[in-house]
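As C-alpha cells, the structure follows; a few thoughts come after it.
The values are calculated or read from the model by the stated rules, or taken from the named source; none is laboratory data. Just so we're clear, the structure is a prediction, and the values are computed from it rather than from any experiment. Cβ sites come from the backbone with ideal geometry, for glycine too, and all protein chains shown count toward neighbours.
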Amino acid sequence: MFVRTIRNVILPCALFSLAAGLCAAQQKPAKKTQGKPATPTSGAVLYKQNCAVCHGDDGKGAGPPPANSPFTASPPDLTTLARRHEGKFPEAYVVSVLRSGVKMPDHGPSEMPVWGTLFKAMTKSDEAQVTERITDVTNHLKSIQAK
C-alpha cells in the first residue's frame, strides 16, 4: 500500500511540479543583477510553482488537499511558522524540510515532496543552485509570516 501510494500519487505530483519548473525555467532566462549571481527564479515564483498547489497562494493551507491526494487533512498554514515556534521564524527547520523532507511518520508516507531532490534534478545537480532555490523559498516564507 505504501509503495503504491508513492508510485500512484506522490511521484506523479512531484514529477508534474518538476516538469512545470523546468518549463518555466526554460521560458524565462534569469536576469543578471550587479554584485550577485543571477537567481534562477525568485522565492515567490518557486513557491507558486511548487508549493501553492497544496498550501495555497497565500500560504495559509486553508483549502482541501489536491483531488488526487489520498490525504484528508489540509496542509499546514505556512504564515504561522514563526508564531508556532515561539515568535521566531524557524529558518534552519524550513531549510531542512525543503532539502530533506519531513521525518517519516511511523506508518505511511510523508505528505510533502522532498524539494531538495527535485531542485537537484531541475538544476542538473548544481548544489549551489539547489541551495539558492531553497534559500529563496525560505526567504519568501519568512516574508509572509503573520504579524
Checklist entry - Taking region 42-60 as the search range and keeping residues that are in contact (Cβ under 8 Å) with a residue 60 or more places away in the chain and within 11 Å of residue 77 (Cα to Cα), which one is nearest to the chain's Cα centre (by Cα)? => result 59
Checklist entry - Of the conditions (1) touching a helix residue (DSSP H, G or I) at 6+ places or on another chain (Cβ under 8 Å); (2) at pLDDT 70 or above, residue 67 fails just one. Which one is it? => result (1)
Next on the checklist: I'd like the residue in region 57-85 that is out of contact with any Asp or Glu (no Cβ under 9 Å at 6 or more places or on another chain) and small (Gly, Ala, Ser) and, out of all such residues, is nearest to residue 97 (Cα to Cα).
Outcome noted: 82
